[in-house]
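Student: So that we are looking at the same thing, I have put the structure below in structure tokens.
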Amino acid sequence: MKALHEMGVAELAQAIADGKTSSTEATQHLLARAKQHTQLGAYLAFNEDASLAQARAADARVAAGERTPLLGVPIAHKDIFVTRDFPTTAGSKMLEGYRSPFDATVVARLGQAGAVSLGKLNCDEFAMGGSNENSAYGPARNPWDRARVPGGSSGGSAVAVAARLAPAVTGTDTGGSIRQPASFCGITGIKPTYGRCSRHGMVAFASSLDQAGVMARSAADCATLLTAMAGPDIDRDSTSLDLPAEDYSRLLGKPNEGATVAQPLKGLRIGLPKEFFGDGVAADVLAPVRAALAELEKLGASLVEVSLPRTELAIPVYYIIAPAEASSNLSRYDGVKFGHRAARYDDLIDMYKKSRSEAFGPEVQRRIMIGTYVLSHGYYDAYYLKAQQIRRLIAQDFQQAFTQCDLIAGPAAPTVAWAIGEKADDPVANYLADIFTLPGSLAGLPGLSVPAGFGLGGLPVGLQLMGNHLKEAGLLQVAHAFQQATDWHTQSPTGF
Ligand code: GLN
């Protein structure tokens, strides 16, 4: 039998069901491995007793004859989901030592499906960032080159999967935080349609954009977790879509309608937005993305050029809307209701100022200031309202494109992972790197990134696929067909 950490979700579940290993053994193995590789900065918290208790409960369900796709499989959660068994920090000093009295809906559902939680994963503070360098608990390191960022904000999540410290993890994506780190770390990650997963118990960043998702090695494993996580939760999250849950594995391995086994994607039209293939994309990213598209063509898909003419505007629009919503969401951390309180202060106002200045990092403070400014009287119409109007136009551009194609493909990010520190003092340089993930986020569309090869320095490159609302199963079908034909997703960094 191969090493337990080399197994994906499906393999591990099978080995547990067959009695070749147990959930307890797999949990112990992965916990030991995670603790052996703390230099990667992937995990922020463990609770071995709680993890092992969950594993024993799963083993009891197996012994009682239960056979479900996640039963006993150890996973880990981005530290933005609140958890009863582990502390939750959202990567911030503000929430240091916080323990939630309940589990986020996503966490609870995966637990009910039999998954075991190994711990909590590093992320940018309040999910603000694209490099994991904004975490108050230090950066996470890209296992393909430890001097480089893993991407963010779900950086610890991506590192855990890439370095084989967990077979699958949760993440969140507000403007690309699943797809971009998946691309940088050579793993598969999907952000479903806005509203498809409950946001109950997900620490809020920008409520009109925040969405939970999953990262794993393969699209098939992502489908298994997403099936357990997604679905309505309207009593607890009013933005949760009131639509029945669905089986995201149902189209895997199935040929497209009217297609053949040799050409399973025949009839599929893949739109390539010309704005995603221009000067702004590094040549070492473009080459593997083009090769991946040629592979999809071989599988029967046809490629058509489309246009998303307002792609560039997605950056200024997102960096008005997201900070505006963040400034409002983060007002709850006042040292009274929630969060750190300064030890010494003169009066109430001074207490607010000192508590928030001490506990929020520079990027979070920057966004609170921007957000407060764009929402203030006199600027609201010029910035916030204008941004909302352009957001609508960006969404319409996608609908126009989807009249010509079934899904949209392009790079997930314009470059491979950059060096830790390289962009640390330049917020705008960080914001520009989000150009290919922000448009889909603003439109509320599902998107995923699959490993598509390597760029300079042997660093992974991701192919992004975006679909219309609720087309997750179709996206996963295409990603799976690609992964049946290629082996990029099976490659792992050496030294682990
Ligand atoms: N990089 C983007 C930002 O900094 C996206 C973050 C996210 O999706 N959480 O806001």
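Read-outs: derived from the displayed coordinates by stated rules, not from any lab. Keep in mind it's a predicted model, so treat the numbers as computed, not measured. Methodologically, a virtual Cβ is constructed for each residue, glycine included, from the backbone with ideal geometry; neighbour enumeration extends over all protein chains shown.
Student: Would you mind computing, in nm to one decimal, how far apart the modelled labels at Lys337 and Lys2 are, each placed 7 Å from Cα along Cα→Cβ?
Tutor: Spacing of the two 7 Å Cα→Cβ label points: 4.9 nm.
Student: Right, something else. Go ahead and collect, in residue order, the members of region 177-206 whose backbone nitrogen is under 17 Å from a label point 7 Å along the Cα-Cβ direction of Leu470.
Tutor: Backbone N within reach: 192-198.
Student: Just subtract the alpha-carbon distance of Arg99 and Lys20 from 0.36 nm times their residue separation and send over the number in nm, one decimal.
Tutor: Value of the extension gain: 24.9 nm.
Student: To continue, here is another question. For an R0 of 41 angstrom, estimate the FRET efficiency from the Cβ-Cβ distance between Ala282 and Lys254 and round to the nearest 0.05.
Tutor: Efficiency at R0 = 41 Å is approximately 0.70.
Student: So for Val428, Val478, fewest C-beta neighbours within 10 Å to most, what's the order?
Tutor: Ascending number of Cβ neighbours within 10 Å: Val428, Val478.
Student: If you don't mind, there's one more thing I want to ask. What is the calculated FRET efficiency for Leu303 to Asp242, with r their C-beta to C-beta distance and R₀ = 22 Å, to the nearest 0.05?
Tutor: Computed FRET efficiency for Leu303 and Asp242: 0.05.
Student: Just the number, please: percent antiparallel of the DSSP beta bridges in the chain, rounded to the nearest 5.
Tutor: Of those bridges, close to 70 percent are antiparallel.
Student: Which distance in Å, rounded to a whole number, links the C-alpha centroids of region 1-31 and region 138-206?
Tutor: Taking the Cα centre of each part, region 1-31 and region 138-206 sit 23 Å apart.
Student: Sticking with this one: Which loop-located chymotrypsin sites (Phe, Trp or Tyr not before Pro) does region 73-113 contain, where loop means any DSSP state but H, G, I, E or B and the Cβ has at most 16 other Cβ atoms within 10 Å?
Tutor: Passing sites in region 73-113 are Tyr98, Phe102.
Student: Checking the table Lys266/Lys471; Lys120/Lys254; Lys20/Lys298; Lys78/Lys471; Lys191/Lys353; Lys191/Lys274 against a 29 Å threshold on Cα-Cα, which pairs fail?
Tutor: Beyond 29 Å between Cα atoms: Lys120/Lys254; Lys20/Lys298; Lys191/Lys353.
Student: For Glu312 and Ala57 in the same chain, what is the full-extension length gain: residue separation times 0.36 nm, less their Cα-Cα distance, in nm?
Tutor: Result for the pair: 86.8 nm of gain on full extension.
Student: Taking a ≥ b ≥ c as the square roots of the Cα gyration tensor eigenvalues, with a/c under 1.5 meaning rounded and otherwise prolate when a/b beats b/c, else oblate, which class fits region 84-209?
Tutor: Rounded shape, in that the Cα axes give a/c under 1.5.
Student: Using Cα positions and a limit of under 19 Å, work out the aspartates and glutamates in reach of Lys354, with same-chain residues fewer than 8 apart set aside.
Tutor: Of all the aspartates and glutamates, those that pass the test against Lys354 - Cα under 19 Å, at least 8 places apart if same chain - are Glu96, Glu125, Asp334, Asp346, Glu363.
Student: Please go through region 257-312 and write out the GluC sites (Glu not before Pro) that DSSP classes as loop and that have at most 12 other C-beta atoms within 10 Å.
Tutor: Loop-located and lightly packed - Glu257.
Student: Quick check on region 285-339: take the gyration tensor over C-alpha atoms, sort the square-rooted eigenvalues as a ≥ b ≥ c, and tell me if it's rounded (a/c under 1.5), prolate or oblate.
Tutor: Here region 285-339 falls in the prolate category.
Student: So, in nm, how far is label Thr494 from label Asp347 when the simple model puts each one 7 Å beyond its Cα toward the Cβ?
Tutor: So the two model labels end up 6.6 nm from each other.
Student: Work out, step by step, the length gained on full extension between Arg84 and Met369: first 0.36 nm times the residue separation, then minus their alpha carbon distance; give nm to one decimal.
Tutor: Extra length available between Arg84 and Met369 comes to 99.4 nm.
Student: Let me ask something else. Could you tell me which of rounded, prolate or oblate describes region 171-330, using a ≥ b ≥ c as the square roots of the eigenvalues of the alpha-carbon gyration tensor, with rounded for a/c under 1.5 and, failing that, prolate when a/b is larger than b/c and oblate otherwise?
Tutor: Oblate.
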